[in-house]
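Novice: Got a structure for you, written out below as structure tokens; questions coming shortly.
Read the figures in this text as sums done on the coordinates, not as results from a lab. Computed from a prediction, not measured in an experiment: that's the story for all the values here. With ideal geometry, Cβ positions are generated from the backbone for all residues, glycine too; neighbour counts draw on all protein chains shown.
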Amino acid sequence: MVHSYLKHGPTEAFGLVCSASSNSIYDGKLAFVPALEDVLVWDVKKGQMLSMWHETGHRAEVTCIIQSPQKDIFAVGYTDGSIRLWNASDASAVATFNGHKKAVTALAFDEAGARLASGSQDTDLILWDVVAEAGIFRLRGHRDQITAIRFVEAVSSSVPSTSATAASGFFLTSSKDTFVKLWDLSTQHCVQTVVAHRAEVWTLAVDVEQKLVFSGSAEGEMKAWRLDHEAMSAGLQENESGEVTKMILPVTTLPLSSKHKVSQITFHPSRPYLAVQSHDRSVEIFRIRTEEEVRKKQARRLKRAKEKEQAKAKGKGKASEGDEADDAEHKDVELPDLFTPYLVVRASGKIRSFDFPNEEYSTQGNTNIFLALSINALEVYSFPPPSKDKSNQPEATRTLSVELPGHRTDVRTLCLSSDDLLLASASNGLLKIWNMKTFTCIRTMGCGYAVCNTFLPGDRQVAVGTKNGEILVYDIASSSLLETIQAHTATVWSMHMRTDGQTLVTGSADKDVKFWEFEQKLADSESPHSTRLLSLVHVRTLKMTDDVLSVRYSPSGKLLAVALLDSTVKVFYQDTLKFFLSLYGHKLPVLSMDISHDSKLIVTCSSDKNVKIWGLDFGDCHKSIFAHDESVMQVAFERNDTREGENAKPTHYFWTVSKDKILKYWDGDKFELIQKFEGHHGEIWALAVSNHGKFVVTGSHDKSVRVWEKLDEPLLVTVCRYQLFLEEERERELEMLYETGIADSMNREDAAIGSGAADADGVPATTTDTEVAAVAKQTTETLMAGEKIMEAIDLADNENSVFREYEEAKAKGGLSEQIAPPPRNQVLAAYDIEPEEYVLRVVERVSPTSLYDALLVLPFGKVVSLMRYLNYWAQREWNLVLTSRIIFFLLKTHHHQIVANRVMRMALFPLRKHLREALQRQKDTISYNLAALKYIKRQSDAKLTAEFFEEEMDEEKVRERITEGKKRKRVSIKA
């Protein structure tokens with residue numbers, strides 16, 4: 001008999017405002033921020049989360065976010081090298097681009113939003129066609145992670161901007177290899193490399209006019225560069241001395257208030273401000289002056305200097321000629337004069353990124369700046385415009401913030417109320433109460449460094465054990481601290497409530513185990529009818545030989561287990577505190593333990609990465625399991641599911657969490673791993689199990705709290721759940737591992753250009769590595785798509801060969817006319833389509849971004865078959881765009897094999913004939929329609945001109961009236 005288990009799955013993640021893995025975007029009202037693998041959209045003013053951009057099954061963390069010129073479209077880069085285009089209006093992923101082998105670190109849209117450039121930790125740059133959803137080309141040249149990309153349009157005074165010859169295809173890139181490179185997209189090559197700094201270049205900014213470039217380095221230096229648009233338009237040319245014309249020219253170094261890493265430089269899109277982050281907790285704002293303002297300021301200074309000199313000369317009786325002042329009048333305006341420090345915005349925590357809103361919602365003329373903090377919070381600051389009053393120094397004031405829905409630091413401890421409706425989570429500084437139905441934070445209270453917590457009987461109060469040995473008792477209804485008890489002299493590592501709810505036990509690093517009873521007292525001593533609250537009273541102490549790390553009562557109420565720093569667990573009778581058992585076997589201290597519902601088993605977890613299951617009758621170790629790759633932080637037995645009734649058989653299933661970021665579900669009787677869950681992106685510190693056996697909750701270093709529920713089938717009347725068979729689960733895990741391995745082996749890791757490093761096969765890299773390459777990356781999705789195309793081709797080939805044999809036999813006279821033709825394939829019969837059309841349907845279902853990579857999987861034999869079907873599609877004029885794309889790609893990829901094969905060369909003739917005819921017919925149709933539209937336009941213009949000339953106006957007025965006529969007018973239509 002196969003034993004089955006109830007399957008669990010992730011259902012909710014909360015407690016995150018924003019994570020520190022990526023930059024954030026702010027449009028003046030909404031903030032688009034990273035939240036581990038998701039993107040959250042916050043209404044900053046209301047402090048309300050409007051939507052979450054989540055793709056089921058995708059776990060990679062967000063590393064980069066950028067908004068397209070088409071306002072609703074956002075490009076989001078991830079740690080697995082993928083890029084997704086999201087539509088903000090309906091929170092859906094429009095397209096997925098796979099091309100990078102490592103995390104995407106930089107993204108940039110061109111001016112129209114039709115092209116997207118991406119840079120990665122794999123040192124590659126890729127240009128994507130957003131409309132066609134395909135990679136255009138890959139550029140190589142940098143030796144380290146790409147940190148910034150900026151599109152630049154070359155504007156030359158000698159070449160008209162409307163001319164087709166104007167070179168507009170450039171982008172600037174910076175990298176940790178200290179270089180800034182300028183790439184010409186028309187030639188697909190780097191046209192200039194600048195050694196920008198002595199340390200890593202972390203950021204790049206181009207002004208609105210695209211004349212100045214600012215770069216910031218890890219050593220706190222900000223440099224300014226000038227772009228020579230004339231040289232960019234002319235291309236690579238030699239000057240009189242035989243040197244190649246430089247397109248990026250150094251200007252100066254701007255002084256900053258601090259010498260820390262310059263992590264971000266941003267120009268305000270519409271106002272004269274430049275913001276620079278060169279410190280963890282502050283952003284320096286520069287005011288951009290015009291040359292006219294600078295000259296006026298210089299003139300005022302000179303005037304004051306002259307007056308001072310004249311006053312001194314009068315005192316000495318000499319006349320001052322003021323030659324120096326006259327010379328200074330002709331002094332050139334330098335860049336540091338144009339960019340003057342204005343103010344410093346100081347945040348309440350470490351800043352991850354900042355952004356200026358595109359649209360200003362403020363009516364007071366103030367400028368807003370949005371800060372995304374690394375401490376899981378968002379802030380908006382406002383600063384005033386420059387004023388002539390020098391006495392008042394401008395200051396930035398915080399106007400909006402979003403911080404309540406999350407912890408500032410790691411979630412260290414969790415506990416659930418007896419009815420599972422409330423969750424208490426605590427961290428260093430905050431205790432939060434969450435509603436487990438809506439997953440919203442309903443109470444926030446300040447506390448010390450929390451290490452453990454528990455709900456007191458009645459679920460109205462929470463007790464928190466802290467690092468300095470205090471027990472803090474909070475009232476949930478009033479969000480107030482009721483009592484502070486100096487319970488221990490060192491960290492309170494653990495606390496547990498006895499099953500009857502009469503006693504609380506605490507264990508501490510001061511080697512004491514203390515027992516506390518509850519007494520009721522009035523909330524208001526003067527009012528006898530006020531609410532009664534629980535207070536802790538110390539009743540007795542158990543002295544231990546070493547630090548106490550965990551304490552646990554047995555559900556039967558008879559035993560007390562105490563885990564010590566010496567890696568042992570001592571078991572005592574709880575009433576007399578008489579010693580009963582010593583559990584010895586762990587190599588490192590036991591961090592947590594739990595006793596089963598029937599009080600027969602105790603499970604312990606340790607820093608030695610092992611979980612041990614012991615019998616409580618004799619203290620024998622039933623099994624030692626190497627459970628995790630890192631320290632196992634907490635363990636807890638699953639409670640019986642109340643939905644199964646009182647007669648449900650108690651189980652010995654238990655949960656473990658670890659620093660390896662994984663939650664695991666175990667069978668304590670069979671010693672088998674049932675399920676493992678990968679969801680967190682940091683060490684998991686805390687675990688809380690539902691008192692009704694419905695779910696578990698975990699808290700992590702990534703500041704998120706996640707819920708993992710038993711999956712129910714709501715469509716059935718009976719309580720029927722998804723069942724999980726261990727063999728199926730293991731097979732699924734092995735299959736995923738195998739598919740990932742195939743994809744990784746097909747993606748050859750190329751070394752940096754000219755490095756001579758060995759590739760994935762151990763062969764040294766040769767000089768054949770080019771600066772430009774095709775965009776290709778095999779993933780499990782592209783492999784599956786390739787397999788589906790192969791299956792469709794096989795099915796169609798078999799169907800065609802069967803009918804061909806039947807027709808040939810019939811033509812030879814070997815078959816009588818009474819014999820029926822062979823039966824059609826079931827799939828083709830179900831769809832009632834021809835084999836050629838079925839192959840087209842399968843190919844059409846492959847996403848455009850995965851199509852080329854899927855075609856690369858096809859063996860050459862299948863390519864030959866596919867060419868026949870392409871000929872058929874061209875003849876029938878089916879999806880000519882897709883047909884042309886596939887033909888072009890296959891000819892480019894398999895050029896040598898096709899040229900060498902006479903049969904293939906002959907097969908190309910009918911393909912060329914049919915495709916040209918079909919494309920010519922489409923071209924004729926489009927040309928005819930275009931000519932018709934032009935004719936209608938000319939008729940309309942002629943009619944308007946005739947009407948206006950009848951009114952006896954001159955030609956200029958006529959043209960003005962025609963232009964007005966082209967504008968849209970609001971017309972009321974009556975039914």
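Novice: Could you pull out every one of the lysines with an alpha carbon less than 20 Å from that of K102, ignoring same-chain neighbours closer than 8 positions?
Specialist: Reachable lysines: K176, K777.
Novice: So, one more: Using label points projected 7 Å from each Cα along Cα→Cβ, tell me how many nm separate A199 and D629, to one decimal.
Specialist: Taking the simple label geometry, A199 and D629 are separated by 3.2 nm.
Novice: In sequence order, what are the phi-derived ³J(HN,Hα) couplings for the stretch 567-583 according to the Karplus relation 6.51 cos²θ - 1.76 cosθ + 1.60 with θ = phi - 60°, rounded to whole Hz, with x for glycine and proline?
Specialist: 6, 10, 10, 9, 10, 10, 6, 6, 7, 9, 6, 7, 5, 10, 9, 10, 9
Novice: Reachable lysines from K314, Cα under 21 Å, same-chain residues fewer than 8 places away excluded?
Specialist: K303, K306
Novice: Skipping prolines and chain starts, which residues have an amide H placed within reach, meaning under 5 Å, of the one on N23, given they are 5 or more residues away or on another chain?
Specialist: Amide H neighbours of N23, under 5 Å, 5+ apart: I65.
Novice: Quick check: the distance between the Cα centres of the stretch 598-634 and the stretch 839-856, to the nearest angstrom?
Specialist: Here the two parts' Cα centres lie 50 Å apart.
Novice: If each Cα of the stretch 141-255 is one equal point scatterer, what is log10 of I(q)/I(0) from the Debye formula at q = 0.10, 0.14, 0.21, 0.23 Å⁻¹?
Specialist: -0.29, -0.56, -1.17, -1.34
Novice: Going highest first, how would you order 27-40, 206-219, 932-945 by mean Cβ packing within 10 Å?
Specialist: My ranking of the peptides, most packed first, is 27-40, 206-219, 932-945.
Novice: Amide H to amide H under 5 Å from T203: which residues, 5+ apart in sequence or cross-chain, H placed 1.01 Å off N in plane?
Specialist: G216
Novice: Turning to a different aspect of this structure: Which residues' amide hydrogens lie under 5 Å from the amide hydrogen of L400, considering only partners 5 or more residues apart or on another chain, with H built in the peptide plane?
Specialist: The answer is V380.
Novice: Roughly how compact is the stretch 780-921, stated as its Cα Rg over 2.2 N^0.38 Å to two decimals?
Specialist: With N residues counted in the stretch 780-921, Rg over 2.2 N^0.38 Å equals 1.14.
Novice: Going by Cα centres, the stretch 442-509 and the stretch 197-264 are how many Å apart?
Specialist: First find each Cα centre; the distance between them is then 57 Å.
Novice: Going by how many other Cβ atoms sit within 10 Å of their own, how do K570, K703, K7 line up, fewest first?
Specialist: Going from least to most buried by this count: K7, K570, K703.
Novice: With unit charges on the beta carbons (Lys and Arg positive, Asp and Glu negative) and the dipole taken about the Cα centre of the stretch 793-906, which residue among Q875, Y838, L855 sits farthest to the positive side?
Specialist: L855
Novice: What is the calculated FRET efficiency for Y573 to E519, with r their C-beta to C-beta distance and R₀ = 35 Å, to the nearest 0.05?
Specialist: Computed FRET efficiency for Y573 and E519 comes out at 0.90.
Novice: Now, a different point. Among S348, S24, which comes first, second and so on when ranked by fewest other beta-carbon atoms within 10 Å?
Specialist: S348, S24
Novice: Shifting gears a bit: Could you list L565, L139, L930 so that the one with the fewest beta carbons within 10 Å of its beta carbon is first and the one with the most is last?
Specialist: Fewest to most other Cβ atoms nearby, the residues stand as L930, L565, L139.
Novice: Sticking with this one: Sort the following peptides by mean Cβ neighbour count (other Cβ atoms within 10 Å, averaged over residues), highest first: 658-670, 85-97.
Specialist: So the order, starting with the most tightly packed, is 658-670, 85-97.
Novice: At what distance in nm do the modelled label points of H260 and V827 sit from each other, each positioned 7 Å from its Cα along Cα→Cβ?
Specialist: For H260 paired with V827, the spin-label model returns 5.9 nm.
Novice: What distance in nm separates the simple spin-label points at E309 and E844, each placed 7 Å from Cα in the Cβ direction?
Specialist: Those two pseudo-labels are separated by 8.4 nm.
Novice: Could I ask something else about it? What does the highest-first list of 690-700, 413-423, 902-912 look like by mean Cβ count within 10 Å?
Specialist: 690-700, 413-423, 902-912
Novice: What pairs in K600/K661; K587/K612; K514/K578; K7/K437 have C-alpha atoms more than 23 Å from each other?
Specialist: Where the Cα-Cα span goes over 23 Å, the pairs concerned are K600/K661.
Novice: Still on this structure, I have one more. Give me the percent relative contact order of the stretch 780-921, please, defined on Cα pairs under 8 angstrom at least 6 residues apart.
Specialist: The normalised contact order for the stretch 780-921 reaches 28 percent.
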